[in-house]
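One structure is given below, encoded as structure tokens.
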Amino acid sequence: MTDKSQEEIKAERYKARQQKVKAAVDEKIAAATDSKGLLLVVTGNGKGKSTAGFGMIARSVGHGLKAGVVQFIKGTWDCGERNLLEQHGVPFYVMATGFTWETQDKTADTEAAQAVWQDAKKLLADPTVDVVLLDEMTYMLTYGYIDLDEVIEALNDRPEMQHVIITGRACHRRIVELADTVSEVQSTKHAFQSGIKVQKGIDW
Ligand code: ATP
Ligand code: MG
């Protein structure tokens with residue numbers, strides 16, 4: 001019998017280790033059997049919150065699920081995701097007037113937020129809608145344009161299997177507590193800080 005080479009020994013050890021990892025992962029997968037409509041929050045100061053939300057909408061649409069999008073910030077540029085997803089039957093409800101980073105007219109901002117919140121509530125009450133994206137909604141709660149208790153009630157009362165994604169910085173603690181999955185995107189660096197302007201396809 002010939003001795004095993006160092007390479008063969010390494011390969012066997014590697015295989016044994018990977019088998020252990022696989023067994024542990026398989027066990028966890030087998031234990032996760034529940035299915036429910038999820039509330040997901042993507043918050044933090046880094047780039048990638050809205051794009052993560054739209055990524056899940058794109059996935060859902062790709063599987064034939066019915067999705068709806070509500071954007072709580074008035075768009076300054078046209079929105080690449082909207083241009084694409086509307087062609088695939090995804091309705092967009094966008095805050096038409098009022099709140100932008102420039103205008104800070106509390107009455108107009110509240111009215112605009114309330115108007116689009118009515119559209120959001122309809123989606124949250126519609127059992128035929130599988131996934132809802134509430135993009136930049138956190139700011140509406142921070143500024144008090146929408147009532148937090150009303151939002152929590154609408155989320156709690158939504159159809160059992162409906163998924164909801166909320167994006168925006170500084171998400172309120174009570175929404176974080178209510179959520180099933182929460183990701184905080186941290187900024188390590190951003191091109192804007194090096195004087196690079198927003199880029200089509202990357203930033204909007
Ligand atoms: P994206 O839409 O690219 O996923 P986001 O939703 O995480 O970004 P927002 O806070 O909604 O971020 O801001 C949207 C815009 O601001 C985008 O143009 C994005 O590139 C830019 N932005 C995001 N994070 C930062 C940052 N840390 N510094 C500077 N600009 C940022
Ligand atoms: Mg965003």
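Values in this text are rule-based calculations from the coordinates and carry no lab data. Quick caveat, the model's predicted, so the values are computed rather than measured. Glycine gets a Cβ as well: all are built from the backbone with ideal geometry, and neighbour counts include every protein chain shown.
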query: For Ser194 and Glu86, what is the calculated FRET efficiency with R₀ set at 45 Å and r taken between the beta-carbons, to the nearest 0.05?
result: 0.85
query: Per 10 Å bin, what percent of the C-alpha pairs of the chain does each bin hold, from zero upward?
result: 8, 29, 31, 15, 9, 6, 3, 1, 0
task: Measure off 7 Å from each Cα along the Cα-to-Cβ vector at Lys106 and Val94, then give the distance between these two points in nanometres to one decimal.
output: 2.9
- request: Write down the radius of gyration of region 128-204 and its Dmax, each obtained from C-alpha positions, in Å.
  value: 15.4, 46
- request: Please report, in whole Å, how far the alpha carbons of region 118-161 spread along each principal axis, starting with the longest.
  value: 31, 18, 15
field: Relative contact order, percent, the chain [alpha-carbon distance under 8 Å, six or more residues apart]
entry: 32
- prompt: Just going by the charge dipole of the chain, with Lys and Arg at +1 and Asp and Glu at -1 on Cβ, which of Leu84, Leu178, Val164 is farthest out on the positive end?
  reply: Leu84
Farthest positive-ward along the chain dipole, Cα basis, beta-carbon charges - from Val69, Val131, Ser5: Ser5
task: Give the calculated FRET efficiency between Lys122 and Thr51 to the nearest 0.05, with a Förster radius of 41 Å applied to their Cβ-Cβ distance.
output: 0.95
- prompt: Of the listed peptides 42-54, 191-203, 174-186, what is their order by residue-averaged count of other C-beta atoms within 10 Å, with the highest listed first?
  reply: 42-54, 174-186, 191-203
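Cut-off is 10 Å between beta-carbons; in what order do Leu85, Leu123 appear when sorted fewest neighbours first?
Placing the least packed residue first, the sequence is Leu85, Leu123.
By counting other Cβ atoms within 10 Å of each Cβ, how are Met137, Met161, Met56, Met95 ranked from fewest to most?
Met161, Met56, Met95, Met137
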field: Order of Trp204, Trp117 - criterion: other Cβ atoms within 10 Å of each residue's Cβ, fewest first
entry: Trp204, Trp117
Student exercise, the chain dipole from Lys, Arg, Asp, Glu Cβ charges, in Debye to nearest 20: 920
